[in-house]
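Take a look at the structure set out below.
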Amino acid sequence: MSEQPSKLIVNTTSFVKISLSFSSAWIFLFILFFFLSCSNQKDKMKTECQFEEKYEKKIDSIIGILTLEEKVQILHGIGIFESAGIERLGIPGLKYTDGPTGVREETQQHSFSSLGLTTDSVTFFPTGTALAATWNPELALKQGEGLGMETRSRGKDILLGPGVNIIRTPVCGRTFEYFTEDPFLNSQIAVGYIRGVQSQDAGSCIKHYIANNQEFERGRVSVEMSERTFREIYLPAFRAAVENAGVMGAMGAYNKFRGEYLCHNAYLNQEILKDDLGFKGIVISDWGATHSTMKAALGGLDIEMGTRGRDYDSNYMALPLRDSVLVGKVPEEVIDDKVRRILRVIYNLEKLNNDRKQGSRNTVEISNIVYSVAAEAIVLLKNENKILPLNKKTIKSIAVIGQNATQPQSFGGFTASVKAKYEVSPLEGLKSKLGDSQIIEYAAGYEPKFKSIEGLRMPVPDNTPNEALIAEAVEKAKQNETVILFVGTNRTIESEAWDRLDIMLPFGQDELIKAVTEANPNTIVVVVAGAPCDLNIAKEKAPALLYSWYNGSEAGNAIADVLFGDVNPSGKLPFTIPVKLNDIAAHAMDAYPGKDLVVEYKEGILVGYRWFDTKDIDPLYCFGYGISYSDFEYTNLKANKKSYNENDDIELDLMVSNTSNLDGKEVVQCYIRALDSKVSRADKELKAFAKPEIPANESKNIQLKIKAKDLSYYDEEKSKWVLEPGNYEVLIGSSSRDIRLKKTISIK
Ligand code: BGC
């Protein structure tokens with residue numbers, strides 16, 4: 001392969017000598033150089049995110065000398081987070097670790113129980129929705145790099161993340177781990193994250209493939225959705241991870257899809273992922289999500305993990321699999337394909353190279369990454385009379401109220417739990433910002449109490465207001481100039497393994513908000529949560545409202561900097577916050593949590609804002625919403641053409657002006673509306689965005705590019721993507737409901 005380009009150079013150069021004048025030869029050489037440097041660049045990008053060809057022959061030769069026993073030995077766990085290599089040949093196995101938001105603490109070899117070390121703490125990274133709220137794929141790349149470094153420094157090979165399941169309902173317990181309700185934003189963040197992790201010689205394992213959109217009955221429920229919905233909404237991030245990031249692993253989810261367990265699902269694992277998308281990595285089962293030898297073997301699963309018990313030889317993909325091959329039920333080529341994939345990952349992780357990156361953890365560099373993500377993730381929802389930012393020099397006294405001002409958010413939520421080396425709480429962040437803790441008074445305001453309900457295997461928040469704590473908070477609110485009130489959920493409420501029963505602010509927090517805002521109208525409410533909450537009362541009563549997420553080790557510093565204006569907020573909601581839960585499509589259609597262990601995604605493609613906009617339902621805060629301390633004006637939208645062919649790029653150009661005296665960042669969002677479609681389409685779909693930094697009182701030209709093909713819908717009858725001719729409206733805005741510029745283009 002490497003010989004061809006140089007031949008081309010020789011031939012073209014001699015052609016130049018003969019037929020062109022001297023000066024035009026220089027121009028030609030310049031263009032040629034430019035072309036070659038671009039294609040080198042492309043090659044470089046390719047090798048950064050694709051499996052390398054150079055190992056393939058070697059892998060084939062290894063497979064040729066392995067015994068069947070040796071082959072099946074590497075197809076299943078030999079510890080809770082470990083699978084075997086080939087000892088005879090000195091090929092090491094794989095070590096895995098959770099999870100999406102930090103490297104999990106060391107467990108015992110054969111169980112999830114902690115080893116109780118004092119040397120395994122790590123950085124807590126902002127969780128999924130926080131990262132997505134940055135709308136900044138560059139930061140996702142940085143976060144991935146940080147995670148990759150920590151993965152390697154703990155001697156692990158594969159990080160079990162990112163989690164990219166679409167946020168179909170806010171009550172899903174794992175919403176905080178996932179990114180968004182929109183497939184395009186999902187893909188952009190996922191690709192950045194994966195590239196970052198894999199740049200550190202660690203592998204990323206995207207999860208949970210596919211349609212793990214609720215925790216309720218996740219081990220038994222079967223998801224039914226149309227093919228179009230699957231292709232347009234739930235698959236894109238997985239597809240982007242394969243095609244644009246060369247992801248090394250994909251984890252099969254616990255649930256079933258169209259009646260078949262994901263880890264046995266030949267259609268999804270073999271046909272779609274491996275054959276159609278060209279995935280060359282490994283499909284790993286979720287822990288304990290394999291249920292049959294034959295089905296798993298023939299259903300595209302490559303590694304079985306987490307099956308209970310130490311007797312790994314009796315795992316479905318261990319000796320029972322060997323026996324199935326011996327009696328001719330499973331062809332040996334099927335096993336060889338799995339082995340090839342595993343060896344490919346082992347080699348591409350540079351596991352046999354002495355100069356493999358060893359990573360580092362808890363470094364200043366990583367803290368800086370975490371701070372940058374946290375600062376850009378915070379979403380300002382309301383800022384009446386520009387009450388924010390607060391002024392450090394003039395502020396006299398602050399009451400910090402709410403137990404979430406002190407509650408660590410790194411620990412909890414099962415497998416996404418992180419043993420953080422440090423976590424700056426909001427109260428600590430504010431104290432260190434003000435340097436003088438004398439002016440801050442704290443009151444808890446509520447108590448995070450839980451109750452159990454018969455028949456429910458989950459802790460349920462006790463929402464009875466604690467009158468004594470409210471009275472104390474009211475007192476402090478009256479005595480201080482400003483109140484910063486921290487409400488929201490925590491990592492017991494939002495967790496793997498269960499869904500929330502509702503989206504209420506828990507523990508009587510609405511009563512607290514009412515009492516405190518009544519006592520002191522100068523109250524800023526900060527929501528600490530991973531998923532959407534009911535913010536009706538908060539929005540009505542408080543002059544300022546922010547979302548600050550489970551925002552990682554630097555959460556407290558980031559929120560303090562936003563509140564005092566050292567950071568100009570630039571986060572945007574990655575999901576819709578509804579007025580009420582029943583406005584969400586899955587709930588409105590009575591399509592959650594399913595009946596008789598089947599959940600039918602009746603809303604189809606109308607997930608998130610696609611539903612709200614198409615059905616004309618007002619959200620409390622719409623997808624893509626978030627304000628800044630600056631104001632931005634949008635002008636001068638131009639498109640490179642009026643009419644496009646299938647292979648064209650739609651190139652858009654516009655001007656965004658920062659009309660304030662503060663530097664700021666703005667997420668410029670581009671939605672497309674199909675005007676002449678013959679099939680039902682969502683009112684609008686996000687197709688591009690950019691996040692420029694615009695200095696105070698300056699303007700910037702912004703370019704956005706969309707492939708015309710990306711305006712297609714998936715035609716179930718033809719089983720392919722179809723680009724309909726006709727008119728389309730380009731909608732440019734600051735959120736999905738704040739469209740500032742429009743232009744009609746057409747597809748020929
Ligand atoms: C979770 C996965 C996790 C795995 C290993 C499962 O319970 O669903 O996301 O990676 O455990 O801890």
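Some points to look at:
- Cα-Cα over 27 Å, subset of Lys386/Lys419; Lys386/Lys431; Lys580/Lys707: Lys386/Lys419; Lys580/Lys707
- Overall, the stretch 113-214 carries a charge dipole of about 140 debye about its Cα centre when +1 sits on the Cβ of Lys and Arg and -1 on the Cβ of Asp and Glu, all other atoms neutral.
- Per residue, in Å², the accessible surface of the stretch 632-747 once ligands and nucleic acids are set aside, probe 1.4 Å: 47 Å²
- DSSP beta bridges in the stretch 632-747 [antiparallel fraction, %, rounded to 5]: 95 percent
- Ranking Lys514, Lys742 by solvent-accessible area of protein heavy atoms (1.4 Å probe, all protein chains present), from largest to smallest, gives Lys742, Lys514.
- Long-range Cα-Cα pairs in the stretch 141-273 (distance over 22 Å), rounded percent: 34 percent
- Among the protein heavy atoms, those of Leu185 account for about 0 Å² of accessible surface (1.4 Å probe, every chain in place).
- Calculated FRET efficiency for the pair Asp596/Ala696, C-beta based, R₀ 45 Å, to 0.05: 0.15
- Charge tally for Ala420 (other residues, Cβ to Cβ under 12 Å; Lys, Arg +1; Asp, Glu -1): 0.
- Filter on Lys718/Lys743; Lys641/Lys709; Lys476/Lys514; Lys642/Lys742 - keep pairs with C-alpha separation over 23 Å: Lys718/Lys743
- Between the listed residues Asn265, Ala443, Val525, the Cα displaced farthest toward the positive end of the dipole of the chain, a dipole computed from Cβ unit charges relative to the Cα centre, is found at Asn265.
- Accessible area of Asp337 (1.4 Å probe, protein heavy atoms only, ligands and nucleic acids ignored): about 50 Å².
- Positive minus negative residues near Leu654 (Lys, Arg vs Asp, Glu; Cβ under 13 Å): +2
- Residue order for Met589, Met504, Met248 - accessible surface, 1.4 angstrom probe, largest first: Met504, Met589, Met248
- Summary of the geometry: the stretch 393-442 and the stretch 209-253, compared by the centres of their Cα atoms, lie 36 Å apart.
- Expressed as a whole percent, the accessible surface of the chain that belongs to carbon and sulfur atoms is 51, based on a 1.4 Å probe.
- The residues packed around Lys329, meaning those with a beta-carbon under 14 Å from its beta-carbon, carry a net charge of -1 if Lys and Arg are +1 and Asp and Glu are -1.
- Along the stretch 175-182 the Karplus relation, 6.51 cos²θ - 1.76 cosθ + 1.60 evaluated at θ = phi - 60°, assigns HN-Hα couplings of 3, 5, 7, 8, 9, 6, 8, 10 Hz to successive residues, with x for each Gly and Pro.
- Here the stretch 632-747 is treated with +1 on each Lys and Arg Cβ and -1 on each Asp and Glu Cβ, and its dipole about the Cα centre works out to around 140 debye.
- Amide H to amide H distances under 5 Å link Ser643 with Ser746, where only residues 5 or more positions off or on other chains count and H is placed in the peptide plane.
- Taking all protein chains together and a 1.4 Å probe, the residues Glu454, Glu260 rank Glu454, Glu260 from largest to smallest accessible area.
- Solvent accessible area, Å² - Ser121, 1.4 Å probe, full protein context: 20 Å²
- Reference-scaled alpha-carbon Rg (2.2 N^0.38 Å with N residues) for the chain: 0.98
- At full extension, Glu454 and Tyr422 could sit 7.8 nm farther apart than now, given 0.36 nm per residue minus the alpha carbon distance.
- Within the chain: Cβ-based charge dipole about Cα centre, in debye rounded to nearest 20 (Lys, Arg +1; Asp, Glu -1): 1300 debye
- Amide H contacts of Phe279 (H built 1.01 Å from N, under 5 Å, at least 5 apart or other chain): Lys274
- Dipole of the stretch 625-748 computed with +1 at Lys/Arg Cβ and -1 at Asp/Glu Cβ about the Cα centre; of Thr744, Thr635, Cys670, farthest Cα towards the positive end is Thr744.
- Descending by average beta-carbon neighbour count within 10 Å, the peptides 519-528, 706-715 line up as 519-528, 706-715, the highest first.
- Accessible surface, the stretch 210-357, averaged per residue in Å² (probe 1.4 Å): 34 Å²
- With only the Cα atoms considered, the stretch 632-747 has a convex hull volume of 89 Å³ per residue.
- Taken per residue, the accessible surface of the stretch 428-533 reaches 40 Å², heavy atoms only and a 1.4 Å probe.
- Glu540-Phe112 pseudo-label distance in nm [points 7 Å out on the Cα-to-Cβ vector]: 4.0 nm
- For the stretch 613-633 versus the stretch 67-113, the gap between their alpha-carbon centres in whole angstrom: 46 Å
- Ordering Ser61, Gly116, Val283 by Cα displacement along the dipole of the chain toward the positive end leaves Ser61 in first place; charges were set at the Cβ atoms of Lys, Arg (+1) and Asp, Glu (-1).
- Loop-located trypsin sites (Lys or Arg not before Pro) in the stretch 386-458 (DSSP state not H, G, I, E or B) with no more than 15 neighbouring Cβ atoms inside 10 Å: Lys392, Lys393, Lys396, Lys449, Arg457.
The values are calculated or read from the model by the stated rules, or taken from the named source; none is laboratory data. Every value quoted in this text rests on a predicted model; they were computed, and no experiment measured them. As a convention, Cβ positions derive from the backbone with ideal geometry for all residues, glycine included, and neighbour counts pool all protein chains shown. The area values use the complete protein model at the heavy-atom level, side chains included, leaving out ligands, DNA and RNA. Shrake-Rupley method; radii C 1.70, N 1.55, O 1.52, S 1.80 Å.
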